[in-house]
Amino acid sequence: MQIKLRFLGAAQNVTGSRHLLEVNGTRILVDCGLYQERDLKARNWESFDIPPESIDAVLLTHAHLDHCGLLPKLVREGFKGKIYCTAATSEIARIILLDAAKLQEEDAEYKRKRHEREGRKGPYPEVPLYTIADAEECFPLFSPVTYKKPVAIGNGIEAIFCDAGHVLGSSIIKVKVQQNGQERSVLFSGDVGRPHKPIVRDPTLVDEADYMLVESTYGDRIHQGPEDAKNEIAEVVNSTKRAGGNIIVPSFALERSQEVLFYVNELLLEDKMPHIMVFLDSPMARSITKVFQYHPELFDKEMTEHLRRHESPFSFPGLKMVETTKESKAINLIKGTIMVIAGSGMCTGGRVKHHLVNNITRPESTIMFVGYQAVGTLGRRIVNGEKQVRILGQEYPVKARVAKVNGFSSHADKDELIQWLSGLKRPPKKLFVVHGEAESALHFADYVRQKLGWDVDVPGYQDEAILT
Ligand SMILES: [Zn+2]
């Protein structure tokens, strides 16, 4: 038995997930993600390590950009095989890839104009990494799979997708290989969710695998529990209502926006917060929420129970899904406390900027952060407590209350990862720790050796492993 595994991304860093399996003359790429760390973005422009036309199939774990965001480039450069993923993942990936392509096009145009004005050239070409047309070329290749039903890839290879509990439709993928009467399995964790998260199910426990790749985004941290998030939201809403201001929630379109709605709905049902109007003011979050509504079969017990009782978090009284920019602007005319959930999650663009302009100077309003804020973003500056920030070309003093709600992470922490790994009946021949900053990945590798006594490796970028 000989399987070649190559680590082409998310190896001692978080984004750009890409792993290549070569066996029986077949090449399978697991994820084809975009690099999002500033100092690694140049890799998005490099040519692929292997010719895209020589890849037979792509297995996609989920629809986050750092897992699917380079598919349009792969297809444009010659990939013609199938992209296997769950139906929910393919539906969300369409929305996310079209949005990414639009931003790439706008970005290239903006850069071209700026460089022209300044009479200089930038480090990257002033063309989009890929266009909307490129993204559209991917969609016919999506091939939906069902959880737990093996899919034959060909040449003695099959893949089984199981719920990863990370975002709607997310998967843990086990690849089974037959060669000369022997069988081996390689398990790709994708991004592993947390137990007791709202809406989605808990991550599926896996009982056996010969080799395993595990993510380690929070391999050196312990999170607060999801219940804390709900209580913190209640506190913010109640105190902001008393102060007479608004609650502005910069939020990611996938999962986080729906989770905020889930908790708000429960707080309303439990009479723990006042009945204020709640606006979901993000076209992308609205489209993704529709995908959630098409897939009730993926919901956990609590969410299913809410639907059975006609208490959907996506249609409670007082919730308004905002469509047009005209409607979005009209929100500012409302007197009295309202909550606005709007993109982008780190305040780098989107409608949230307008709501910040209208509320950031008001001491009675609250900017409620529910997600990670990367260094250098407007969101990070506000969270860090800067007294003055620049929004849409103008300076504003930060007078609103800034609240950070913890407990929302959609990645398992180090103990939750250990708990998930402990589902295996016997240790794998080797565990590869990926998808984490070097510090986090190395820390987690040690933690696994210490807690479980497994053989663990932390591969680097472009490393190769031969699995026997
Ligand atoms: Zn993810």
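The values are calculated or read from the model by the stated rules, or taken from the named source; none is laboratory data. What you see is a predicted model, and the numbers here were worked out from it, not measured in a lab. No Cβ is skipped: glycine too gets one built from the backbone with ideal geometry, and neighbour counts run over all protein chains shown. These area figures cover heavy atoms from the full protein model, side chains too; ligands, DNA and RNA do not enter into them. Shrake-Rupley method; radii C 1.70, N 1.55, O 1.52, S 1.80 Å.
Each Lys and Arg adds +1 at its Cβ and each Asp and Glu adds -1 at its Cβ; summed about the Cα centre, the chain shows a dipole of about 1160 debye.
Normalised by 2.2 N^0.38 Å, with N the number of residues, the alpha-carbon radius of gyration of the chain equals 0.99.
When DSSP beta bridges are restricted to pairs lying wholly in the chain, around 50% turn out antiparallel. Within a Cβ distance under 10 Å of Ile222, other residues only, what is the Lys/Arg minus Asp/Glu net charge? Net of charged neighbours comes to -2.
Taking all protein chains as shown and a probe of 1.4 angstrom, Arg120 keeps an accessible surface of around 110 Å². Cross-linked pairs Lys102/Lys404; Lys111/Lys353; Lys174/Lys414; Lys113/Lys353; Lys272/Lys301: Cα-Cα separations exceed 27 Å for Lys102/Lys404.
Between Val402 and Glu46, the modelled labels are 3.6 nm apart [label points 7 Å from Cα along Cα→Cβ].
Among 378-386, 128-136, 257-265, 91-99, sorting by the average number of other beta carbon atoms lying within 10 angstrom of each residue, highest first, gives 257-265, 91-99, 128-136, 378-386. A cut-off under 13 angstrom between Cβ atoms defines the neighbours of Leu213, and their net charge, with Lys, Arg +1 and Asp, Glu -1, is -1. With K and R counted +1 and D and E -1, the other residues having a Cβ less than 11 Å from that of Thr240 yield a net charge of +2. Take the Cα of Arg38, step 7 Å toward its Cβ, do the same at Thr324, and the gap between the two points is 3.9 nm.
Rolling a 1.4 Å probe over the protein heavy atoms gives the chain an accessible area of 42 Å² per residue.
Applying 1/(1 + (r/R0)^6) with r as the Cβ-Cβ distance of Glu311 and Asn180 and R0 = 60 angstrom yields a FRET efficiency of 0.60.
In this simple spin-label approximation, Lys121 and Thr468 carry label points 7 Å from Cα along the Cα→Cβ vector, and these lie 5.0 nm apart. Within the range 43-173, DSSP assigns beta bridges of which about 45% are antiparallel (rounded to the nearest 5).
Since only Leu70, Tyr35, Cys85 are under comparison, the one whose Cα sits farthest along the positive direction of the charge dipole of the range 1-145, derived from C-beta charges on Lys, Arg, Asp and Glu, is Tyr35. Assuming charge only on the beta carbon of Lys and Arg (+1) and of Asp and Glu (-1), the dipole of the range 128-260 about its Cα centre is about 340 debye to the nearest 20.
Relative to one another, the C-alpha centroids of the range 254-295 and the range 351-365 are positioned 20 Å apart.
Can you give the Kirkwood hydrodynamic radius of the range 244-283 from its Cα pairs, in Å with one decimal? Hydrodynamic radius (Kirkwood, Cα pairs) of the range 244-283 is 11.2 Å. Between the residues Met212, Phe316, Ile3, the greatest Cα displacement towards the positive end of the dipole of the chain, with unit charges on the Cβ of Lys, Arg, Asp and Glu, is found for Phe316.
Pairs of alpha-carbon atoms within less than 8 angstrom and 6+ residues apart define the contacts here; what relative contact order does the range 179-325 have, in percent? Before the final figure, lay out the partial values.
Values: 130 pairs, mean separation 38.7, N = 147.
The value is 26 percent.
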